[in-house]
Amino acid sequence: MHNVMRIVAWGIVAFLYAQGLDVVLTLVRDAELNWIMMLTAIAGFNLLTAHLITKYDNTLAILSALIISCLGIIVFGVMIQPLFVGLPYWLWVFSIVSLLLFVWLMPWISAKVANSSANERSSS
């Protein structure tokens, strides 16, 4: 039963991921920014999403990130709602790969941030 609830939670988070990514892309398009800024905005959104994934699912974080990003982009963003139909495929791949990369790097990033804040407290 626990695994069924985990899969349902991944589906809900995937829907929310697709909606959030659509908001980010809409803001970038409305601001008429270039591709570099669009990639930066997607990477920032994926960094925040990776933080939430590793915070609440630390046992299968990579698998959950893969399922969330693929379900969010392909199923919810293309098949159910045409949110990402006009985007190039490499942008879909960038979104999926960057989320996986950030989830993989998140324990290292968290350790670095914790060490730097501990060093600041001990020096003052």
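The numbers here are math on the coordinates, done by the rules we state, and not lab data. Since this is a predicted model, take the numbers as computed values, not measurements. Ideal geometry is used to build each Cβ from the backbone, glycine not excepted, and the neighbour counts take in all protein chains shown.
Residue-by-condition table, conditions (1) under 10 Å from the mean Cα position of the chain (by Cα); (2) touching a residue at least 60 places away in the same chain (Cβ under 8 Å); (3) farther than 30 Å from Asn3 by Cα; (4) loosely packed, with under 15 Cβ neighbours inside 10 Å:
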position	(1), (2), (3), (4)
Leu27	no, no, yes, yes
Met37	no, no, yes, yes
Thr40	no, no, yes, yes
Leu47	yes, no, no, no
Ala50	yes, no, no, no
Leu60	no, no, no, yes
Ile68	yes, no, no, no
Met79	no, no, no, yes
Pro82	no, no, no, yes
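Would you say Gly72 is in contact (Cβ under 8 Å) with a residue 12 or more places away in the chain, under 17 Å from Ile7 (Cα atoms), surrounded by 15 or more Cβ atoms within 10 Å (Cβ to Cβ) and not basic (Lys, Arg)?
Answer is yes for this residue.
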